[in-house]
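The values are calculated or read from the model by the stated rules, or taken from the named source; none is laboratory data. From a predicted model like this one, the values you see are computed outputs, not experimental measurements. Cβ coordinates were reconstructed from backbone atoms using ideal geometry, including for glycine residues, and neighbour counts include every protein chain displayed. Accessible surface is based on the protein model in full, side chains and every heavy atom, while ligands, DNA and RNA are left aside. Shrake-Rupley method; radii C 1.70, N 1.55, O 1.52, S 1.80 Å.
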Amino acid sequence: MSTQNSTASQAGQQPLSREDLAKLVAADIAPGSYVNLGIGQPTKVSDYLSPEQQVTLHTENGMLGMGPEAHGEDIDEELINAGKIPVTELPGASYFHHADSFAMMRGGHLDVCVLGAFQVSAGGDLANWSTGAPDAIPAVGGAMDLAIGAKEVFVMMSLFAKDGTPKIVQECTYPVTGLGCVSRVYTDHGVFLIEQAADGPQLVLREAYGIEAEELVQRFDFPVVIAG
């Protein structure tokens, strides 16, 4: 996978918008990859993939070769992604049964999946299907299949919860979707890599946005390494 040239110590002037975050993720996806984009923020990534990348998008409702979100006269109500958003199709697109789609996911045929999350642990555990609240509606969908089946899992989310605490935590307190599956976390305030070190996984801040890297890592209650 590609990385950006800037280091974590060269903080951007402003936090990233959702559009900027989607552009950043799209640029980091290797050419020729087969990719699944989760519901929510990740769906925006499709709008910023270039034809030169030759990335093939997969949806769990049974499509390969999905294009960007559809607008205006391009909307076909029968052509949607897993989040029920109207999408376009690219030349060579194909359709198949839901069961075949999940076989692709579980069989390790996806290079990358991009998912939203409620929490990610410093060791790469993912919690993205329930907050555990008594009135929460279980909605795991294909998240578990993607988390364990894709070769790499990228997460897109806001870094801080409403109470100001980071959503990257030492250990997840919400129900876990997958263990040790996340390799990168893209947030409005920074991009984080989960790398394997001699003494186990470590969280590495690749870039910071809207805040100096040194100040950002101080907001965590566990060690975070600054790249570069």
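Ligands, DNA and RNA left out, the accessible area of the range 18-226 computed with a 1.4 Å probe is 52% carbon and sulfur.
Relative to the longest principal axis of the Cα atoms of the chain, the long axis of helix 18-28 makes an angle of roughly 80 degrees.
Cross-link pairs exceeding 23 Å in C-alpha to C-alpha distance, out of K84/K162; K23/K151; K84/K151; K23/K162, comprise K84/K162; K84/K151; K23/K162.
Around the Cα centre of the chain, unit charges on the Cβ atoms of Lys, Arg, Asp and Glu (plus for the first two, minus for the last two) sum to a dipole of about 380 debye.
Give, as a single signed number, the net charge of other residues whose beta carbon lies under 11 Å from the beta carbon of T165, with Lys and Arg counted +1 and Asp and Glu -1. Here the count lands on +1. For the range 111-198, the list of trypsin sites (Lys or Arg not before Pro) that fall in a loop by DSSP and count at most 11 other C-beta atoms within 10 angstrom reads K162.
Approximating the spin labels as points 7 Å out from Cα along Cα→Cβ, the K84-to-A136 distance works out to 2.1 nm.
Accessible area per residue for the range 115-228, computed on protein heavy atoms with a 1.4 Å probe, is 46 Å². Per-peptide packing, taken as the mean over residues of other Cβ atoms within 10 Å, places 17-26, 56-65 in the sequence 56-65, 17-26 from highest down.
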